[in-house]
Each structure stands twice: as C-alpha cells, then as structure tokens.
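Beneath this line is the structure, given in structure tokens, with notes to follow.
The values are calculated or read from the model by the stated rules, or taken from the named source; none is laboratory data. What you see is a predicted model; the values in this text were computed from it and never measured. Note that we place each Cβ from the backbone using ideal geometry, even for glycine, and neighbour counts take in every protein chain shown.
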Amino acid sequence: MSGILTHLYNRKPLRMRRAILIDIIAALFIVLFTYAAVSKLIDFQKFRVQLGQSPLLTAFAGPVAWIVPSVEILIAVLLATERFKLLGLYASFSLMTMFSAYIILITQFSIYIPCSCGGILEHLTWNQHLLFNICFLFFALAGLLLHSNNPIIQSAKTREIVT
C-alpha cells in the first residue's frame, strides 16, 4: 500500500505535492492546537493554577489562561481555512517559538514548575517537551517554505524564470 501511495504522490505535479504536504502540516497543527486547547479548557482550573505557579506568569495567570487556548483555537481555524492558511502557518511558527522560549526560560531559571499543557503533553519532561516543540517548529518552517505565496519561494521562482 505504501508503494502505491508513493507512486501516486510522485506522479502529481510539484505544486500538488507542495499543497499535499502543506495540508498535512496544517492538519498536524490543527490536531495539536485543538487537542491542547480542549484539554486546557476541560480542566481549566488546574491549568490556571499551574500557570499561577510559574514565576514568569504568576501575575498574568488569569488572562493567560484564557488567551492561550483561545489563540490555539484561532490558529486551528486559520489553518483550516484555505484563504488564511499562510497566516495560520506564521502564527503556528510564532506560537511554537514562544512556547519553546518559555520552556527554555523555565528550565534555566526554575527548580520545579508543573507543565500546564494539558492532556498527554503534560506527562512529558521539559526536555522532551522542548524537543517536541522544536519538531513542530520545523514542521511550521517547512510549511512556510512550501507555501506558494511565500516570498522565499517566489524569489526562487523569479530566479528560475530569469535564468
């Protein structure tokens, strides 16, 4: 079965293959952000308390507890909408960068802070979570580079036409 899928994938024009890969990346982020947001909202009180235990977020735990899942849901909606997919990829990259920076700061300056991620992700160590985030950062970067409206790809296409 895998050989058939690979054969069919390779027969598609490059633009279609790019679109398929972008859709797969978007779907991964949609699942991730929807799952994370729902997990946080289901156990909202626990999420808010865990945010309050963070030395970086203690003063802002209340608003951040609402903002984070709201932003995750918004990004999932952007990624699910063809017109806003590129914006969703930029937002995904930005949010994963912020989450990764937060993890780096927490691991450098705190002895113990519980993960406020929710669901399965809260069972990861901070280092495992950082590795997970870095993988998703690469997915977002790949999606941005593959997107046909991306300035990097557009400039590469322009160079191909000129030469």
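The table below lists the values:
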{"quantity": "M16 at pLDDT below 90, farther than 25 Å from L145 by Cβ and of a type in the set (A, V, I, L, M, F, W, C)", "calculated": "no"}
{"quantity": "Identity of the residue in region 28-59, surrounded by fewer than 13 Cβ atoms within 10 Å (Cβ to Cβ) and out of contact with any helix residue (DSSP H, G or I) (no Cβ under 8 Å at 6 or more places or on another chain), that ends up modelled with the lowest pLDDT", "calculated": "A59"}
{"quantity": "Residue pairs meeting the criteria (Cβ under 6 Å; at least 6 apart or on separate chains; first touching a residue at least 60 places away in the same chain (Cβ under 8 Å) and within 13 Å of L144 (Cα to Cα), in region 76-87; second among the polar types (S, T, N, Q) and part of a loop (DSSP other than H, G, I, E, B))", "calculated": "L86/N149"}
{"quantity": "Residues (out of contact with any Phe, Trp or Tyr (no Cβ under 8 Å at 6 or more places or on another chain), surrounded by 12 or more Cβ atoms within 10 Å (Cβ to Cβ) and in a loop (DSSP other than H, G, I, E, B)) located in region 114-133", "calculated": "P114, C117"}
{"quantity": "Residues of region 36-89 satisfying the condition of being hydroxyl-bearing (S, T, Y) and farther than 26 Å from S110 by Cα", "calculated": "S70, T81"}
